[in-house]
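Beneath this line is the structure, given in structure tokens, with notes to follow.
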There are 2 protein chains.
Amino acid sequence: MNTLRVDTNETSYEVQFQSGIRKRIKEFLPRAYSNILIVTDDVVAKLYLDDVQSGLEGEGVQVASCVVPSGESSKSMEQFYRCHTAALEENLDRKSLLVALGGGMIGDLAGFVASTYMRGIDYVQVPTTILAHDSSVGGKVAINHEQGKNMIGAFHQPVAVLYDTDTLWSLPEQEWRSGMAEVIKHGLLADGQLYEQLVTHQTPFQSFDGHLLTHLLYRGVAVKSKIVKEDERENGVRSYLNLGHTLGHAIEGEAGYGEITHGEAVALGIYFALHLSERVYGSKLPLDSYTNWLHTYNYPLHKLKEYSIDVLLPWMRRDKKNEHGSIRMVLLKEVGEPALVPVEEDLIREVFLQVTEQG
Amino acid sequence: MNTLRVDTNETSYEVQFQSGIRKRIKEFLPRAYSNILIVTDDVVAKLYLDDVQSGLEGEGVQVASCVVPSGESSKSMEQFYRCHTAALEENLDRKSLLVALGGGMIGDLAGFVASTYMRGIDYVQVPTTILAHDSSVGGKVAINHEQGKNMIGAFHQPVAVLYDTDTLWSLPEQEWRSGMAEVIKHGLLADGQLYEQLVTHQTPFQSFDGHLLTHLLYRGVAVKSKIVKEDERENGVRSYLNLGHTLGHAIEGEAGYGEITHGEAVALGIYFALHLSERVYGSKLPLDSYTNWLHTYNYPLHKLKEYSIDVLLPWMRRDKKNEHGSIRMVLLKEVGEPALVPVEEDLIREVFLQVTEQG
């Protein structure tokens, strides 16, 4: 359970889950690179940059780094341009490598730099958060526009995803919450067993057994890579991975990036999507176990009340899944059976009011 | 001789050469689009925006425009972001269309916006210059970095290239020179007949017969599309299209974009590459007919002397074709037989000095 292969139409690469792999990246590269730029943030740099850098160095190999401020606000035009400047100043050419060392923000930013530097160079994802188990796989890279998250981006697959499980234990609780929201999402979408495994646990995330953690991440990535294989460019089933994201992105956008973590916002979005699904399909979803799970792990469910649906709707109208002016959301007919459907704004409003009065 | 098909691994589209086609774009779109954004510059907007816009409008179709300042300096992060803002404000979604109406600058800028807006939407090239016969085909899109031309970009093929020959006759002489440099380049690379046809003419470009012009453009695009089909992502033969561009880009960069047109700089670069080729291969190339052609059409060959090779070399070292720190240039063994080879800086320096003393 340590290696998982991701296949797309264009390419194929491995996701590795290994303790200490950050020090041995070189062993997992598809070929030799003479010029390498590590992109990371100032928090991660202090912890792991030396490990990664010294593991990559060798005769005739030049390794440089570009450190951006931590936080979602670095997914900006300014930091994007700064990384390009660093790559040019370090004389990276089309055969050079970028290493994305950090959480989802770094993966998105560095991946987008890699996809556009000289029209595209290789990059490796070295995720250091639980959340990045999701974003590091599948090649979606992007920066934010003032008017919407991930609006400027590309599809650009990494040449490898090297997941060092050592880097996870020291994460703050909020980061665990953020990451586990995407794991439980994968369970709800396509792996009922994974979902059950998560909601039956009551112990704090940080006291999970190492094997259990790897197992959960592996299963989450397995769901994701299967969907990506079917639909790399999100013309169909890939959009299911957006469960919880329509409202989630709206909350993130309205709160200002950084106020609430991505995964926390998605967890709230899933909560809303489950309610909406029951209403649309007249079905019974595991809302009780999901709500309990949110409470057990202190997801900020109470924050949902703080937002007016009138300020969230304009964000939702700009969602990338929308077509011909109507809001489209991922709903669940049942666990393991998602659908992407247009939803009337009146219904969104009604269910949101009902949910926040109850919540 | 009015339609040419371009095939790549991922897609296939037509290049149309037709008088007045700008008014009938709708007929050549692969499907219906409900939301369209035309990106153009302030000079072209005055001439053709109304034609294009009214030709696209119809029931249930919303057509907006984003007008940027004319000139290479609009291939900037600032204008790139501005176009994204316009696309968001006009509620473009993933099924919307961008129309690149203008010369090479607009094609590159709008194409790069299309390739990154929500991770990629459709776009149509509507070239209005001779030069754009080259840049509009093949899907290379980019903006400039302060430290290098086209450094930030992508490969993103248009869904159609609609070339309105009406728009060419009113172009200033400098624009004809700029465009014809790429046509003669295509001749040198792979179509000796096309080369001969060009150098045997002495009449001013603007007095060319319409059929002749279409014929020359068609042949130029045919060379290009054949090469793009073989190597869309420039891993091999596509780099041949860079004949004259290593020095050409250096001259453009050093002069400041806009001082000398792209094609004029490339024409000078080809002149240098032919000299270098004779030196490297000990062969005899048609330098006499090429130099005559430059003089006949007033290419600014005298400007070559104005640049010191010491200021040009740093630009050449950052060329995208380079690998492992050495400058690589496209040379000709003979007409129709290009090669991409590493060239020692000492040799570049020596031949440059020799050429500029002669020139």
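The values are calculated or read from the model by the stated rules, or taken from the named source; none is laboratory data. Note that the structure is a prediction, hence the values are computed from the model and not measured. Cβ placement follows ideal geometry from the backbone for every residue including glycine, while neighbour counts extend to all protein chains displayed. For the accessible areas, the whole protein counts, side chains as well, though only heavy atoms, and no ligand, DNA or RNA atoms are used. Shrake-Rupley method; radii C 1.70, N 1.55, O 1.52, S 1.80 Å.
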Inset, instruction - Mind listing whichever residues of region A:1-13 are surrounded by fewer than 16 Cβ atoms within 10 Å (Cβ to Cβ), part of a strand (DSSP E or B) and not small (Gly, Ala, Ser)? - result: A:THR3, A:ARG5, A:ASP7
Inset, instruction - Take region B:226-251 and flag every residue that is open to solvent by 10 Å² or more (accessible area, probe 1.4 Å) and touching a strand residue (DSSP E or B) at 6+ places or on another chain (Cβ under 7 Å). - result: B:LYS229, B:GLU232, B:ARG233, B:TYR240, B:ASN242, B:HIS249
Inset, instruction - Please specify each residue of region B:8-56 satisfying the condition of being free of Cβ contacts under 8 Å to residues at least 24 places away in the same chain and of a type in the set (S, T, N, Q). - result: B:SER12, B:GLN53
Inset, instruction - Output the number of residues of region B:14-41 satisfying the condition of being within 20 Å of the chain's Cα centre (by Cα) and either assigned to a helix (DSSP H, G or I) or basic (Lys, Arg) (or both). - result: 1
Legend entry - Failed item in (1) touching an Asp or Glu at 6+ places or on another chain (Cβ under 9 Å); (2) within 14 Å of chain A (Cβ to nearest Cβ); (3) open to solvent by less than 10 Å² (accessible area, probe 1.4 Å), with B:ILE152 passing the rest: (1)
Inset, instruction - Considering only region A:206-224, state which residues are buried (at least 20 other Cβ atoms within 10 Å of the Cβ) and in contact (Cβ under 8 Å) with a residue 60 or more places away in the chain. - result: A:LEU217, A:GLY220, A:VAL221, A:LYS224
Inset, instruction - Test B:PHE112 against the criterion of being of a type outside the set (Gly, Ala, Ser), within 13 Å of chain A (Cβ to nearest Cβ), open to solvent by 20 Å² or more (accessible area, probe 1.4 Å) and under 30 Å from A:GLU10 (Cα atoms), and give yes or no. - result: no
Legend entry - Condition broken by A:MET77, with the remaining ones in (1) surrounded by 21 or more Cβ atoms within 10 Å (Cβ to Cβ); (2) out of contact with any Gly (no Cβ under 9 Å at 6 or more places or on another chain); (3) under 17 Å from A:TYR117 (Cβ atoms); (4) in contact (Cβ under 8 Å) with a residue 40 or more places away in the chain satisfied: (1)
Legend entry - Complete set of residues in region A:126-147 that are touching a residue at least 12 places away in the same chain (Cβ under 8 Å), in contact with a helix residue (DSSP H, G or I) (Cβ under 6 Å, 6 or more places away or on another chain) and closer than 25 Å to B:VAL113 by Cα: A:SER135, A:SER136, A:VAL137, A:GLY138, A:VAL141, A:ALA142, A:ILE143, A:GLN147
Legend entry - Residues within region A:285-310 that are open to solvent by 60 Å² or more (accessible area, probe 1.4 Å) and either at pLDDT 95 or above or not basic (Lys, Arg) (or both), tallied: 7
Inset, instruction - Please work out which one of (1) among the hydroxyl-bearing types (Ser, Thr, Tyr); (2) surrounded by fewer than 23 Cβ atoms within 10 Å (Cβ to Cβ); (3) within 14 Å of chain A (Cβ to nearest Cβ) is the condition B:SER135 fails and give its number. - result: (2)
Legend entry - Residue within region B:122-131 that is more than 14 Å from every other protein chain (Cβ to nearest Cβ), of a type in the set (A, V, I, L, M) and out of contact with any strand residue (DSSP E or B) (no Cβ under 9 Å at 6 or more places or on another chain) present: yes
Legend entry - Those residues of region A:261-279 which are open to solvent by less than 10 Å² (accessible area, probe 1.4 Å) and either among the polar types (S, T, N, Q) or touching a residue at least 40 places away in the same chain (Cβ under 8 Å) (or both), in sequence order: A:GLY263, A:GLU264, A:VAL266, A:ALA267, A:ILE270, A:PHE272, A:ALA273, A:LEU274, A:LEU276, A:SER277
Inset, instruction - Return a yes/no flag: does region A:164-183 have any residue that is charged (D, E, K, R), open to solvent by less than 20 Å² (accessible area, probe 1.4 Å) and assigned by the TED database to the domain that holds A:SER19. - result: yes
Legend entry - Residues satisfying the stated conditions in region A:156-178, i.e. farther than 16 Å from A:THR214 by Cα and part of a strand (DSSP E or B): A:ALA160
Legend entry - Subset of region B:63-74 that is at pLDDT below 95 and in a helix (DSSP H, G or I) - its residue that is surrounded by the fewest Cβ atoms within 10 Å (Cβ to Cβ): B:SER73
Legend entry - Given (1) open to solvent by 50 Å² or more (accessible area, probe 1.4 Å); (2) in a helix (DSSP H, G or I); (3) touching a residue at least 24 places away in the same chain (Cβ under 8 Å), index of the condition B:LEU194 fails: (1)
Inset, instruction - Looking only at region A:87-104, decide whether some residue is without any contact (Cβ under 8 Å) to a residue 24 or more places away in the chain and within 18 Å of B:PHE112 (Cβ to Cβ). - result: yes
Legend entry - Residues of region A:166-178 satisfying the condition of being touching a helix residue (DSSP H, G or I) at 6+ places or on another chain (Cβ under 6 Å) and either without any contact (Cβ under 8 Å) to a residue 12 or more places away in the chain or not aromatic (Phe, Trp, Tyr) (or both): A:ARG177, A:SER178
Legend entry - Elements of type helices (runs of 4 or more DSSP H) contained in region A:218-331, each with 1 or more residues being in contact with a Ser or Thr (Cβ under 9 Å, 6 or more places away or on another chain) and farther than 27 Å from B:GLN62 by Cβ: A:245-255, A:262-281, A:287-296
Legend entry - Matching option when the condition is of a type outside the set (D, E, K, R) and at pLDDT 95 or above, among B:GLY210, B:GLY244: B:GLY244
Legend entry - In region B:322-335, residue farthest from B:LYS140 (Cα to Cα) [restricted to those that are within 14 Å of another protein chain (Cβ to nearest Cβ), touching a helix residue (DSSP H, G or I) at 6+ places or on another chain (Cβ under 9 Å) and surrounded by 14 or more Cβ atoms within 10 Å (Cβ to Cβ)]: B:ILE327
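Residue-by-condition table, conditions (1) more than 30 Å from A:TRP176 (Cβ to Cβ); (2) more than 14 Å from chain B (Cβ to nearest Cβ); (3) among the hydroxyl-bearing types (Ser, Thr, Tyr):
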residue: A:PRO286; (1), (2), (3): no, yes, no
residue: A:THR291; (1), (2), (3): no, yes, yes
residue: A:ILE309; (1), (2), (3): no, yes, no
residue: A:ARG317; (1), (2), (3): yes, no, no
residue: A:LYS320; (1), (2), (3): no, no, no
residue: A:GLU337; (1), (2), (3): no, yes, no
residue: A:PHE352; (1), (2), (3): no, yes, no
residue: A:GLU357; (1), (2), (3): no, yes, no
Inset, instruction - Report whether or not B:GLY60 is at the interface with another protein chain (Cβ under 10 Å from one of its Cβ atoms) and either more than 24 Å from A:TYR81 (Cα to Cα) or open to solvent by 50 Å² or more (accessible area, probe 1.4 Å) (or both). - result: yes
